[in-house]
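The values are calculated or read from the model by the stated rules, or taken from the named source; none is laboratory data. Bear in mind that the values here come from a model prediction, so they are computed numbers and not experimental data. We place every Cβ from the backbone using ideal geometry, glycine too, and count neighbours over all the protein chains shown.
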Amino acid sequence: QVQFVESGGGLVQPGGSLRLSCAASGSIFSIYTMGWYRQAPGKQRELAAVITSGGTTTYADSVKGRFTISRDNAKNTVYLQMNSLKPEDTAAYYCYAQISRSVLARAFDYWGKGTQVTVSS
């Protein structure tokens, strides 16, 4: 089994900042890509930012220059620093990770339960 502990969501005013954290634990051999997807009401889930085990990052165009993703491989944890938040950033943010559970196993996608981010005055 793989478990995620997500934290850091909440209510913030436009222009404010939040930091999301997601720690993976359980039967884990290796974690490849980790990151965050988000889903606003009535919309499809979309990539916010991801980071490979080697540190290569990918951001949605809408968050470039405002969000910064990082990870601590020793702690199996990924972070998302969100600055200059806008009302359109309001969404449920889901932690994502590609995990292999043994040396012979292929990697599968795993998802957290999500943490709500609301940007409103």
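In the set Ser121, Ser62, Ser102, which member is among the polar types (S, T, N, Q) and without any contact (Cβ under 8 Å) to a residue 40 or more places away in the chain?
Ser62
Does Gly16 satisfy the condition of being out of contact with any strand residue (DSSP E or B) (no Cβ under 8 Å at 6 or more places or on another chain) and in a loop (DSSP other than H, G, I, E, B)?
Working: out of contact with any strand residue (DSSP E or B) (no Cβ under 8 Å at 6 or more places or on another chain): no; in a loop (DSSP other than H, G, I, E, B): yes.
Criteria not met by Gly16.
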I'd like to check something: does segment 79-98 contain any residue that is loosely packed, with under 13 Cβ neighbours inside 10 Å and in contact with a Ser or Thr (Cβ under 7 Å, 6 or more places away or on another chain)? yes
Output the number of the condition that Gln44 fails; it satisfies all remaining conditions of (1) under 22 Å from Val2 (Cβ atoms); (2) part of a loop (DSSP other than H, G, I, E, B); (3) not aliphatic (A, V, I, L, M). (1)
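Conditions tested, residue by residue: (1) within 20 Å of Phe4 (Cα to Cα); (2) acidic (Asp, Glu); (3) over 14 Å from the mean Cα position of the chain (by Cα); (4) modelled with pLDDT under 95.
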position: Phe29; (1), (2), (3), (4): yes, no, yes, yes
position: Ile51; (1), (2), (3), (4): yes, no, no, no
position: Ala60; (1), (2), (3), (4): no, no, no, no
position: Gln81; (1), (2), (3), (4): yes, no, no, no
position: Ala97; (1), (2), (3), (4): yes, no, no, no
position: Thr115; (1), (2), (3), (4): yes, no, no, no
Identify all residues within segment 19-34 that are buried (at least 18 other Cβ atoms within 10 Å of the Cβ) and either on the phi > 0 side of the Ramachandran plot or in contact with a Lys or Arg (Cβ under 7 Å, 6 or more places away or on another chain) (or both); write none if there are none. Met34
Just need a number here: residues in segment 1-18 that are surrounded by fewer than 17 Cβ atoms within 10 Å (Cβ to Cβ) and either of a type in the set (Ser, Thr, Tyr) or farther than 16 Å from Tyr96 by Cα (or both). 8
If we scan segment 63-77, do we find a residue that is farther than 14 Å from Gln116 by Cα, in a loop (DSSP other than H, G, I, E, B) and of a type in the set (Ser, Thr, Tyr)? no
